[in-house]
Amino acid sequence: QVQLVESGGGLVQAGGSLRLSCAASGRTFSSYAKGWFRQLPGKEREFVAAISWSGGSTNYADSVKGRFTISRDNAKNTVNLQMNSLKPEDTAVYYCAARSGPSTRLSEYEYDYWGQGTQVTVSS
């Protein structure tokens, strides 16, 4: 059974940092592109960041550029999201995702596997 499990969410003050991790099990995702998305209550899930299978290509939403960094460790089957200079508007449930293709995509519909999500709350 394929599973993606996020961890690292929590409550942080504005200006602080959090590091989200996503561990994959059930298969090897080394050839899969991966992404992070987030969702606020009552809103659609939105793209945050994506990374190609090799880690050589990354994409970021304009709202997080320069503050968030996505990385991956294929040996450990993990993908991480380092979030710095957090703002209250970053508050959301964050999901990791994997797609059965090597290159990045910005649409959630391009991803085949999803984690259950982890809550990030940034207080002002």
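The values are calculated or read from the model by the stated rules, or taken from the named source; none is laboratory data. What you see is a predicted model, and the numbers here were worked out from it, not measured in a lab. Note that we place each Cβ from the backbone using ideal geometry, even for glycine, and neighbour counts take in every protein chain shown. Quick note on the areas: whole protein, heavy atoms, side chains included, nothing else; ligands and nucleic acids left out. Shrake-Rupley method; radii C 1.70, N 1.55, O 1.52, S 1.80 Å.
The table that follows gives values for the structure above.
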read-out: Heavy-atom SASA rank of 73, 112, 62 (probe 1.4 Å, accessible area, largest first); value: 62, 112, 73
read-out: Probe 1.4 Å, accessible area per residue of the chain, Å²; value: 50
read-out: The chain: most fluctuating residue of 44, 110, 89 per GNM, C-alpha cutoff 10 Å; value: 44
read-out: Contact order relative to length of the chain, as percent, for alpha carbon pairs under 8 angstrom and 6 or more apart; value: 36
read-out: Most positive-pole-ward Cα, 109, 83, 95, against dipole of the stretch 58-124 from beta carbon charges; value: 83
read-out: Average projection area in nm² (convex hull over Cα atoms of the stretch 22-117, one quarter of hull surface); value: 5.9
read-out: Max mean-square fluctuation residue, GNM over the chain, Cα-Cα springs under 10 Å, options 49, 75, 33; value: 75
read-out: Potential extension, residue 106-residue 124 segment - 0.36 nm per residue separation minus Cα distance; value: 3.6 nm
read-out: Carbon and sulfur %, accessible surface of the chain computed with the full protein complex present, 1.4 Å; value: 46
read-out: Top of 32, 113, 60 by mean-square fluctuation, Gaussian network on the chain, Cα under 10 Å; value: 113
read-out: Neighbour-limited loop hits for trypsin sites (Lys or Arg not before Pro), the stretch 1-51 (at most 12 other Cβ within 10 Å; DSSP other than H, G, I, E, B); value: 43
read-out: Formal net charge of residues neighbouring residue 102 (Cβ-Cβ distance under 14 Å; K, R +1; D, E -1); value: +2
read-out: Student exercise, the chain dipole from Lys, Arg, Asp, Glu Cβ charges, in Debye to nearest 20; value: 220
